[in-house]
Amino acid sequence: MPRGSVAAIFVIFLYLQDEVEARRQMLCPRGPPVCGSNGRTYNNACRAIRSGTQIACRKPCPCQPDCVLCTAEYQPVCGVNGQTYSNICNAKCVGVNIKCNGQCPCGIKPCPCPLMISPVCGVNGKTYPNTCEATCNKVEVRCNNACPCRYGN
């Protein structure tokens, strides 16, 4: 076999080896279907993540977990879907995983409030830890206790 042919075969072999490795890295292992935060079902978590989508729940869409009765406690959390929920229970009840504690977007605190607990009920029917938190969330205080407001408050 001429020397040029051996070199050409070797180059082709290296090319094919690189091509096989690139394709192997693109493949996702088999796994159970998951629901992405965009509401689309993916064959597995790997495919959802590769598409740039967060996993909302580890089952086909829609995410409908068994809900329990959640309290009116206001401890806001930000879901992976970018929506703020009044507490972890309410987010989990609709099948949304938590991205961070606090309101969306994560990492931004609109105003500093003391850690004092003196519950107030907002006109939106949500309980806030104190007047500062209600004001910070641009919510008027309906009464100075946890929701629901009692008659005469």
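A dipole drawn for region 48-153 from +1 and -1 charges on Cβ atoms has a positive end, and of 97, 49, 75 the residue lying farthest that way is 49. Classify region 65-150 as rounded, prolate or oblate, taking a ≥ b ≥ c as the square roots of the eigenvalues of its Cα gyration tensor: rounded when a/c is under 1.5, otherwise prolate if a/b is larger than b/c and oblate if not. Cα axes put region 65-150 in the oblate bin. Other residues whose C-beta falls under 12 angstrom from the C-beta of residue 146 contribute a net charge of +2, scoring Lys and Arg +1 and Asp and Glu -1.
The numbers here are math on the coordinates, done by the rules we state, and not lab data. In this text, all values refer to a predicted model and were calculated from it rather than measured experimentally. Backbone-built Cβ (ideal geometry, glycine too); neighbour counts: all protein chains shown.
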